[in-house]
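To start, the structure under review is shown below, and the notes come after it.
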Amino acid sequence: QVQLVESGGGLVQAGDSLRLSCAVSGRTDSAWTMAWFRQAPGKDREFAAGIRWPGDNTYYSDSVKGRFTISRDNAKNTLYLQIHSLRPEDTAVYYCAAGNRILFINTAGYYTHWGQGTQVTVSS
């Protein structure tokens, strides 16, 4: 079974940078889509960034575009989210997600596998 494990979150100040990682294990194929979602306290889970391969096309929400970069390292079997210029409103639990039949990349209901999440807290 596919398993996803996030890491890299923490407590940082506004303007700082972070790199989140998602280690992937189990059976996958080259057509799988992966994404980062985030959920702030009292809010619905929202899409942040996604990637489809083998084409490696990337997609971003308006709130993170220009500050977040999603990428993957095939040799390490790991998905990354590089974050710059963090803002207090970026505070959330960040989740890694994966699926092989994703109609809309920004819709959480299509994904079949999720990690446990990693907390990112940004102070003013």
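The values are calculated or read from the model by the stated rules, or taken from the named source; none is laboratory data. Quick caveat: nothing in here was measured; it's all calculated off a predicted structure. Each accessible area value is taken on the protein alone, full model and side chains, heavy atoms only, with ligands, DNA and RNA left out. Shrake-Rupley method; radii C 1.70, N 1.55, O 1.52, S 1.80 Å.
Comparing ARG52, ARG72, ARG27 in a Gaussian network model of the chain (Cα springs below 10 Å), the most mobile by mean-square fluctuation is ARG27. Excluding ligands, DNA and RNA, the accessible surface per residue across the chain is 55 Å² with a 1.4 Å probe.
Its alpha carbons considered, the stretch 1-94 gives a radius of gyration followed by a Dmax of 13.4, 38 Å. For the chain, a Gaussian network of Cα nodes joined below 10 Å ranks ALA75, ALA97, ALA23 by mean-square fluctuation, and the top entry is ALA75.
A compact globular protein would have a Cα radius of gyration near 2.2 N^0.38 Å; the ratio found for the stretch 69-124 is 1.30.
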